[in-house]
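Notes follow once the structure below has been shown.
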Amino acid sequence: MDKPDKTLIVITGPTASGKTDISIEVAKHFDTEIISADSRQFYREMKIGTAVPSAEQLQAVPHHFIGQLSVHDAYNVSRYEQDVLEKLEELFREHDYVVMAGGSGLYVDAVCKGIDDMPDIPRHIREAVDNKYREHGLDYLRSYLEKNDPEYYSSVDQSNPNRMKRGVEVFEATGRRFSSFRKQQSRERDFSIKKFGLLWERHILNERINSRTDKMMQQGWLEETKVLYPYRHLNALNTVGYKELFSYLSGDMSLEKAVEKIKTQTRRYAKRQMTWLRKDPDLLWVDAEMNPIREIIEKT
RNA sequence: GGUACCAUAGCUCAGUAGGUAGAGCAACGGACUGAAAAUCCGUGUGUCCCUGGUUCGAUUCCGGGUGGUACCA
């Protein structure tokens, strides 16, 4: 295979690790553009609470996949993979390097390694499966899969409703076993990938999370959330921070308590991100406190 | 100042009819291919406030401190 002459520079790391600022500096250096890999910055109604780049930052370097969706839209990783690959093809015509920045591990992986082709599930089927689950509980999902897709049943986390609902809805929609679609083979891309992770000491990252949360509140996060309150059941709004502010708006907790809870939930989210990222052998960790920009540029 | 109640994990608290203790939350570790900022799994980290006494043995019972809360002055 020919050595690819195009390179995707991936900048990832937990929430509040500084991906935005660093990716902009790197993109400026390579005179290129940025693709966001953040599954909540897609939604244009959620700006403050997802810490999207500022207007000045967005103007300094063109960004893609920020605010391209409404919270009412349905979207998924597979479509993201396709959309990004198309965008990359376009960007690589003009640039040798493109930067991708974001902390949604599954979405980053979909672009870097590909994800199996599977049919979209019609909304009414997803809802029907969900209703069955709510009515009959995990046992319904277990026995359904045990009967219809024993292979997936034996490997799936049987106490995780989302995992199991997925297997059920695929079978319901297609009549084919979920396991028959799941090849889990990574795909070669026709561009190189350099993946960097921003590493902080845990207690410093926690401080950054705390002060960023306070800053977001000052910027009017609560007002942003009030407008979205009627839509709080939408998946896009099942998101750290918005959830807690909805609880405050419903009168379930004080604002002070809600903000405190946002901070701990954000810490827990960062922890989950780290768990995901740690197992990636292709990820090169850079010390976020030293000079990560120079290091990323040198190693690209 | 007096009376009553309380003091146990990082926090809120349960418990031990005397044999050194456990829940929730947090914390920590992990899983995860179309909801992923989602969803799920695992782990107890402790001078049981201090100090005398009774006892084979006290976090538990008794006395005295200290701190807190409430009421009365």
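The values are calculated or read from the model by the stated rules, or taken from the named source; none is laboratory data. None of these values were measured; they are calculated from a predicted model. Virtual Cβ from ideal backbone geometry, glycine too; neighbours counted across all protein chains shown. What goes into the accessible areas is simple: the full protein's heavy atoms, side chains included, and nothing from ligands, DNA or RNA. Shrake-Rupley method; radii C 1.70, N 1.55, O 1.52, S 1.80 Å.
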Quick check: anything in the range A:243-252 in contact with a His (Cβ under 9 Å, 6 or more places away or on another chain) and either of a type in the set (Ser, Thr, Tyr) or surrounded by fewer than 13 Cβ atoms within 10 Å (Cβ to Cβ) (or both)? no
Within the range A:172-181, how many residues turn out to be outside any helix (DSSP H, G or I) and over 13 Å from A:Leu145 (Cβ atoms)? 2
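Is it the case, given these coordinates, that A:Arg134 is open to solvent by 90 Å² or more (accessible area, probe 1.4 Å) and not in a helix (DSSP H, G or I)?
No, not satisfied.
Taking the options A:Gly114, A:Gly105, A:Gly137, name whichever one is more than 8 Å from RNA strand B (Cβ to nearest atom) and of a type outside the set (Ser, Thr, Tyr).
Just one listed residue meets the conditions, A:Gly137.
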Scan the range A:257-299 residue by residue and report those that are open to solvent by less than 50 Å² (accessible area, probe 1.4 Å), within 16 Å of RNA strand B (Cβ to nearest atom) and outside any helix (DSSP H, G or I). A:Asp280, A:Leu283
Residue that is least open to solvent (accessible area, probe 1.4 Å) [pool: residues in the range A:61-118 that are touching a residue at least 60 places away in the same chain (Cβ under 8 Å) and of a type in the set (Phe, Trp, Tyr)]: A:Phe92
Residues that are more than 9 Å from RNA strand B (Cβ to nearest atom), assigned to a loop (DSSP other than H, G, I, E, B), open to solvent by 10 Å² or more (accessible area, probe 1.4 Å) and among the small types (Gly, Ala, Ser), drawn from the range A:17-56: A:Gly18, A:Ser54
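From A:Lys194, A:Lys215, grab the single residue that is away from RNA strand B (no atom under 14 Å from the Cβ) and open to solvent by 30 Å² or more (accessible area, probe 1.4 Å).
Residue meeting the stated conditions: A:Lys194.
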Number of the condition not met by A:Arg232 [criteria: (1) over 17 Å from A:Pro14 (Cβ atoms); (2) in contact with a Phe, Trp or Tyr (Cβ under 9 Å, 6 or more places away or on another chain); (3) surrounded by 14 or more Cβ atoms within 10 Å (Cβ to Cβ); (4) in contact (Cβ under 8 Å) with a residue 24 or more places away in the chain]: (4)
Is at least one residue of the range A:34-55 in contact with a strand residue (DSSP E or B) (Cβ under 7 Å, 6 or more places away or on another chain), modelled with pLDDT of 95 or more, under 16 Å from A:Ile296 (Cα atoms) and not polar (S, T, N, Q)? yes
Can you tell me which residue in the range A:156-171 is farthest from RNA strand B (Cβ to nearest atom), limited to those that are assigned to a helix (DSSP H, G or I) and either without any contact (Cβ under 8 Å) to a residue 12 or more places away in the chain or β-branched (Val, Ile, Thr) (or both)? A:Val168
Among all residue pairs at least 6 apart or on different chains, which show Cβ distances below 8 Å where the first residue, located in the range A:249-273, is touching a residue at least 12 places away in the same chain (Cβ under 8 Å) and the second is among the charged types (D, E, K, R) and open to solvent by 70 Å² or more (accessible area, probe 1.4 Å)? A:Leu249/A:Lys226; A:Gln265/A:Lys243
